[in-house]
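Peer 1: This is the structure I have questions about; it appears just below.
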Amino acid sequence: MIAVLDVALMVLIAVLLVGGAFWMLTAALSMFHARDSLSRINVLSPATGLGLPMIVVGAFLEHLRVDGFATGLLLKTVITVLALVIVSSVASNVLARAAYLSGAPVDPRTAPQDLERAPGEGEQVPHRDDH
Amino acid sequence: MSVVIWVTVGLLGATILVGLFRVATAPDAASRAVVGDLVFFCGVGLIVLVGLLNASAAAVDAALIASVLGILATVALARILTRGRR
C-alpha cells in the first residue's frame, strides 16, 4: 500500500515538474507569435501564474517524499505560490501601462485605449470579432 | 526521479535560450522587458530544481525571496521604459 502511494506521488511530482517547465517553454515560444508588446505581456501570465507554481509545488512534494513533512517548508511554499500569482499580476499591470506610455506600437484594433483619450470623450466599444 | 529533474532543467534551459534569442530579435524595448521577465522566472525555477538535486532546503528560501522581490525588477524596467514618468 505504501509502495503504491509512493509511486503515485512520484508520478504526480513528475507531471507537476515537467508540466510546469512545458508551460514556461510554451510561453517563450509564444513570444514569437504575439504581434505587439501588450500581447506578449498577456502571453507571459501562464508561465508565472501556472508554470512556476507547478514547479514549486512539485519541488515541495519531492522534499516531502524524501525528507518527510515539515511545517516551515509548507508555509514557505504557500507564500511562494501566493507571491508568484499576486506579484506577477501586479507587475504585468505596471509593465503594460509603462509599455503603452512609452509609445510602443500596439495593434490598432486594441480597444479600449483609455490612456490615449481625453476625459469625457465617451466610451469605446470593445472589439468583438477577432478576424 | 533525478531523470525527471534533469528533463525539467533541460526544458527550462531551452526556455532561457529561446528567451535570450527573442530578446535579441525583439522589435521594441517593451517586448525585451517582458521576455527578460520570463528569463528571470526561469532562473527562479532553476534555483528550485538545483535545491532538489542537492537536497538543500535553502533553495526554497531563495525562491521565496526571488518571487516576493521579483516585482522590483519589473517595476524598475517599467520606470526605465517610461523614462521615469509614472
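Peer 1: On average, how many beta carbons from a partner chain sit within 10 Å of the beta carbon of a residue in A:86-93?
Peer 2: Neighbouring Cβ atoms belonging to other protein chains average 4 per residue here.
Peer 1: Starting from the Cα gyration tensor of chain B, take the square roots of the eigenvalues, sort them a ≥ b ≥ c, and report rounded, prolate or oblate (rounded when a/c is under 1.5, otherwise prolate if a/b is larger than b/c, else oblate).
Peer 2: Numbers: a/c = 5.64, a/b = 1.61, b/c = 3.50.
The shape class here is oblate.
Peer 1: Using only the alpha carbons, work out the radius of gyration and Dmax of the protein assembly as shown in angstrom.
Peer 2: Calculated on Cα positions, Rg and Dmax stand at 19.4, 68 Å.
Peer 1: Specify the inter-centroid distance of the range B:46-86 and the range A:15-52, based on alpha-carbon positions, in whole Å.
Peer 2: After rounding, the separation between the Cα centres reads 17 Å.
Peer 1: Using helices alone, I'd like the mean residue ellipticity at 222 nm for the protein assembly as shown: each DSSP H run of four-plus residues gives -39500 (n - 2.57), total over residue count, nearest 500.
Peer 2: Values: 7 runs with 160 residues, N = 217.
The helix contribution divided over the protein assembly as shown gives -26000 deg cm²/dmol.
Peer 1: Let me know the charge dipole size of the protein assembly as shown about its Cα centre in debye, to the nearest 20, where only the beta-carbon of Lys, Arg (+1) and Asp, Glu (-1) is charged.
Peer 2: Numbers: 14 positive and 14 negative charges, 97 e Å.
Dipole about the Cα centre, nearest 20: 460 debye.
Peer 1: Now, a different point. Exposed loop trypsin sites (Lys or Arg not before Pro) only (DSSP loop, at most 11 other Cβ atoms within 10 Å): please give the longest stretch of chain A free of them, not including the sites. Don't skip to the end; give the middle numbers.
Peer 2: Working: sites that count: A:ARG35, A:ARG109, A:ARG128.
Answer - A:36-108.
Peer 1: Return the single residue from A:ALA34, A:ALA21, A:ALA47 with maximal mean-square fluctuation; model: Gaussian network over chain A, springs between Cα atoms under 10 Å.
Peer 2: Top of the fluctuation ranking is A:ALA34.
Every read-out reported here was derived from the displayed coordinates using simple, explicitly stated rules and does not represent laboratory data. Predicted model only: the values in this text are computed from it and were never measured. Positions of Cβ are generated from backbone atoms using ideal geometry, with glycine treated the same way; all protein chains shown enter the neighbour counts.
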